[in-house]
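Comments concern the structure below.
The values are calculated or read from the model by the stated rules, or taken from the named source; none is laboratory data. Keep in mind it's a predicted model, so treat the numbers as computed, not measured. Note that we place each Cβ from the backbone using ideal geometry, even for glycine, and neighbour counts take in every protein chain shown.
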Amino acid sequence: MLYLASKSPRRAELLQQIGVQFETLRIQLDESILPGESARSYVCRLAAAKARSGASQLTPSDVVLGADTVVVRRDTILLKPKGREQAQDMLRSLSGQQHKVMSAVAMIAGQRHAESLSVSEVQFAELSAAEIDAYLALDEYRDKAGAYAIQGVAASFIKHLSGSYSGVMGLPLCEVSQLLRQFGVAFSVRPDAH
């Protein structure tokens, strides 16, 4: 049985999209960035910690998937904004600029452990103050790394994407599919998937 160690509805939707049967685990972790920690190290550490936390609640035969996503502008890690003002600052910093989205996935079953990292580059269009304010009024930014959701209205901000669309959403399906095969978890792309 596969368990998703995440409360993200987007990650659950993406797994459903490729026909994976799973159950969701709710876990609590300290997601603070360690002093001097790089974005790559941070996102991989959190994905693995989520998978380990989930696995500790289950049997060794159960397979647990953990994931984490960050937005990186220059060397600054943009996590989920703590409020509207911080979200506004994030969107201003992304306006007209290129940034990276890193999504790490980790899978654990007993003593077996594997992980993968997807790195995408996203180019934002120039955003006016009015566009940013209108977007923030939608509340779509809440609980989103970098204060935006590519699958929502913010898709109109994206001038160019090089990498994984699902990775920018929070769960890179190509990497997840490879891990599922490696751990013998059945899945199939359904013709009725949206």
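Quick notes
- Test: residue in segment 10-18 that is on the phi > 0 side of the Ramachandran plot, over 15 Å from the mean Cα position of the chain (by Cα) and not in a helix (DSSP H, G or I): no
- Complete set of residues in segment 1-26 that are within 21 Å of LEU79 (Cα to Cα) and in contact (Cβ under 8 Å) with a residue 24 or more places away in the chain: LEU4, ALA5, SER6, SER8, ARG10, ARG11, LEU14
- Within segment 20-62, if we keep just the residues that are of a type in the set (A, V, I, L, M) and not in a helix (DSSP H, G or I), the residue that is farthest from TYR3 (Cα to Cα) turns out to be LEU34.
- The set of residues in segment 164-178 being polar (S, T, N, Q) and buried (at least 22 other Cβ atoms within 10 Å of the Cβ) consists of SER166 alone.
- Residues (part of a strand (DSSP E or B) and not β-branched (Val, Ile, Thr)) located in segment 64-75: LEU65, GLY66, ALA67, ASP68, ARG73
- Residues that are modelled with pLDDT of 95 or more and acidic (Asp, Glu), drawn from segment 31-79: GLU37, ASP62, ASP68
- Of the strands (runs of 3 or more DSSP E) that lie entirely inside segment 76-194, those containing 2 or more residues that are of a type in the set (Ser, Thr, Tyr) span 112-124.
- First in segment 92-106 and over 12 Å from PHE157 (Cα atoms), second anywhere and among the polar types (S, T, N, Q), Cβ under 6 Å, 6 or more apart: VAL101/SER120; SER103/THR69; SER103/SER118; VAL105/SER116
- Of all residue pairs spaced 6 or more apart or on separate chains, those with beta-carbon atoms under 7 Å, a first member in segment 27-41 that is closer than 17 Å to GLY66 by Cα and a second member that is of a type in the set (Gly, Ala, Ser) and part of a helix (DSSP H, G or I) are ILE27/SER53; ILE27/GLY54; LEU29/ALA49; LEU29/SER53.
- Filter result (within 13 Å of the chain's Cα centre (by Cα) and more than 24 Å from GLY54 (Cα to Cα)) within segment 102-148: VAL119, SER120, GLY146, ALA147, TYR148
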